[in-house]
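Have a look at the structure below before the remarks.
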Amino acid sequence: MVARKWVPMVLLVFAVLACLSELGAQSPPDDEALWREFMGWFKTVPSVRTSPFTAWAAAQKAAGTAEPEIRRQMGVLVKLMMERSDWVELYYDKTFSVPLSGNPEADGFLSTAPSAMLVEAISGLSPGTALDAGMGQGRNAVYLARQGWKVTGFDLSSEAITAASANASTAGVHVDTVKASYADFDFGTARWDLIVLTFAWAPVDDPAFVDRLRTSLRPQGRIVFEHFGDDPAHPRPTAMHALKPGQLRQRFASFRLDRYEEVVGLGEWGGPDSNLVRMVAVKQ
């Protein structure tokens, strides 16, 4: 895996989390005002292929804000970002609105290549109906469609939907696309032979969501999952809905686990190392 010069938001968040240690247990009363100011500014930023935190800090410095206050603001913003979701659609609209060049050094963590884990997981399977949840620009959805699967993909970002549709058209395949959140999307009942959740921020830490996944799968349907882990003993870059050691195995105890591993390794964006959780779960 080639390391990328541009790193995704999750790594930027981790880098700034160090600021939180300076905040102490108390949160100042103007956190919400700071968040509103940041979001208003963020809406004016044309692209986030560079860190919005870096750009925010530079803007604050240019305005004469003292370094300790900038660090405090950064810590507050990262903390709120890990707790809230009102920034996600905006962030990924900005991310996915920039066309891919095909040059990994320029495209950063975005890629047209399918997940290596997914490629391995479907090897030898007869194509059926597949769902790519949080599909982004559709790299996995397009790959599955090219292998003969009937594919539906959803994403919260309208720019992701546009890009995925265009990428499917370029590849000469069809992917049904839906703009939806995890809360909005109708997973249905006995609808899917395969559900793909690769770095998709899916709320699998919620038992009710796992029940929805199980209900939506056909017998012997499978889930291909890869995301961040959160090991307090070995802190590394993490993300929303990161899983504690053993948590995913517990949530999918009613499934047959054809693959399960909690490892430290490189994500598909390159370095640095992260705690990763990988699973192929089959409905019995």
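For residue 179, the aspartates and glutamates whose Cα comes closer than 20 Å to its Cα, not counting residues fewer than 8 places off in the same chain, are 86, 89, 93, 132, 155, 159.
Take peptides 34-43, 70-79, 204-213 and line them up by average Cβ neighbours within 10 Å, highest first, as a rough protection proxy. Working shown, then result.
Numbers: 34-43: 14.2, 70-79: 20.0, 204-213: 16.3.
Top of the packing list down: 70-79, 204-213, 34-43.
The listed peptides 170-177, 254-261, 191-198, ordered by packing as a protection proxy, come out as 191-198, 170-177, 254-261 (highest mean of other Cβ atoms within 10 Å first).
None of the figures in this text is laboratory data; all of them are computed from the coordinates on show. Because the structure is a prediction, the values reported are computed rather than measured. Positions of Cβ are backbone-derived with ideal geometry, glycine not excepted, and every protein chain shown enters the neighbour counts.
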